[in-house]
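Taking it in order: structure first as structure tokens, then the write-up.
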Amino acid sequence: MSKFGPLLVIEDDADDKKIFEEVIRDLGYNNKVVWYDNTDDALSYLQTTSESIFVIFSDINLPGNNGLDMKKQIDSDPLLRKKSIPFVFFSTSAHQEDIDEAFLKMTVQGFFRKGRNIKSMKEDLSLILEYWKACRHPNIQ
């Protein structure tokens, strides 16, 4: 999958971060993985990078601004909206009010609860990444 750009992951739990990266490699993806543990640094990166980010994976509960706040900032920034980066919530927190807000008040492309085990996480991540590999969108030429 190297013809696709980096994966941006916003995750503040070091164990979850390690497992996520391990699963990505086990699935055979060799994309660069860019990690941030807070939304401020992730937004700064998105605003300044020339790389074409393949998919953003964000936790909901993060220090400072949460993942929902970050997505609102992306949606309100003309430069970032133009980048049309698929945005997926991937979180242990999946409260219905957060899911409703994500889909009714902003443009998210998915909301997934982190799997309780490696097998379910592999299934979810494989599904998400394979979908975006096949999907036509502005980041894929």
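FYI, it's all coordinate maths here, none of it is from the lab. Computed from a prediction, not measured in an experiment: that's the story for all the values here. Note that we place each Cβ from the backbone using ideal geometry, even for glycine, and neighbour counts take in every protein chain shown.
Things worth noting here:
- Stretchable slack from Gln47 to Glu130, in nm (0.36 nm times residue separation minus alpha-carbon distance): 27.3 nm
- Separation between Cα centres of the stretch 1-75 and the stretch 112-127, rounded to whole Å: 16
- Sites Lys105 and Asn65 - FRET efficiency at Förster radius 22 Å, r taken between beta-carbons, to 0.05: 0.90
- With an a/c value of 1.5 or above and a/b not larger than b/c for the gyration tensor axes a ≥ b ≥ c computed over the alpha-carbon atoms, the stretch 4-49 is described as oblate.
- Within the same chain, lysines fewer than 8 places from Lys18 are excluded, and of the rest, those with a Cα less than 19 Å from its Cα are Lys32, Lys114, Lys119, Lys122.
- Prolate/oblate/rounded call for the chain, Cα gyration tensor, a/c under 1.5 rounded: rounded
- DSSP-defined beta bridges in the chain - what % are antiparallel, rounded to 5: 0
- Proximal lysines relative to Lys71, as straight alpha-carbon distance under 17 Å, when same-chain residues fewer than 8 apart are discounted: Lys82, Lys83, Lys105
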